Amino acid sequence: MLLMKPTPESTLLSPIEAPAARVLNAHGRAPAVLVCEHASRFIPAALNGLGLDAAAARSHAAWDIGAMELAVELMGALDAPLVQARVSRLVYDCNRPPERTDSMPEVSEVFDVPGNRNLTPAQRVQRVREIYEPFRDLLSATLDARPEPPVLITIHSFTPVYKGQKRDVELGILHDQDERAARVMLDHAAGCGLRTALNEPYAAADGVTHTLREHGVARGLPNVMIEVRNDLIDTPAGVNRMAGVLAPVLARTIAAFSPTGTEEQA
């Protein structure tokens, strides 16, 4: 299969495909910013689907199933801004720094990604410039525009089975160097009815907390990463139920760090 690999003289995203990232509810009142780095499985037409077959293109490897829908529900419930990456993580994973090889993986889970093989330095730079940097800059601007220091909350999902191993945890609460928000959220999640664990099914050592470190830790902001098992949010009913469980937990977590915050939404 012939794969198109644009050069820096071309563009990855056509005018109708752009932008690479967007912010929803930019003027939300909550002292928090939600982020969904793996919100979309969209692959620009210029990349010819990265050579993926239909199963791979629809799979969790291409995006976090249910994460964007859950993030939108939480955005409304909390009245917080939501920054969304609009391109598949297989094109560029916005939760990875450019120097990481898995920012543009040749293999993801059990799927080969032919369109990421043998990328030239110029092609890698182009993806960083056109996908990662717009997301990074938009998130930075959104955080800096908040009237008071916000809590940074990133929203992800994970598979019930990974490389043949079943995962029993339903809600993971992750942190990088700053564990303040994760500990508070873990306390408020007690009794929520979900099998909840700290730093499961991933942890900072797995390289999954780049956004927290780059945008939260660096600014001294409370920050936390949420991982929800995707079989719980792969239907509208599941998303609605999970949002109903998590919204009060997050509202209380946010209020714990805001001098003007309340728990009215909880």
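Nothing in this text is a laboratory measurement; each read-out follows from the coordinates by a stated rule. Computed from a predicted model, the values in this text were never measured in an experiment. Positions of Cβ are backbone-derived with ideal geometry, glycine not excepted, and every protein chain shown enters the neighbour counts.
The long axis of helix 180-189 is offset from the longest Cα principal axis of the chain by roughly 70 degrees. Relative to the longest principal axis of the Cα atoms of the chain, the long axis of helix 67-78 lies at roughly 30 degrees. Computed from Cα atoms, the angle from the helix 133-144 axis to the main principal axis of the chain rounds to 20 degrees. Sorted ascending by nearby beta carbons within 10 Å, beginning with the fewest, Leu186, Leu90 become Leu186, Leu90.
Using a Förster distance of 35 angstrom, determine the FRET efficiency expected from the C-beta separation of Asp53 and Ala18, and round it to 0.05. Calculated value: 0.85. Each part reduced to its alpha carbon centroid, the stretch 185-256 and the stretch 89-121 end up 25 Å apart.
Sorted ascending by nearby beta carbons within 10 Å, beginning with the fewest, Glu130, Glu109, Glu227 become Glu109, Glu130, Glu227.
Taken about its Cα centre, the chain carries a charge dipole of about 240 debye when Lys and Arg each add +1 at the Cβ and Asp and Glu each add -1 at the Cβ. Here the simple spin-label model places points 7 Å from the Cα toward Cβ, and for Ala46 and Ala141 these points are separated by 2.0 nm. Normalised by the number of residues in the stretch 78-210, the mean separation of alpha-carbon contacts (under 8 Å, six or more apart) gives a relative contact order of 21 percent.
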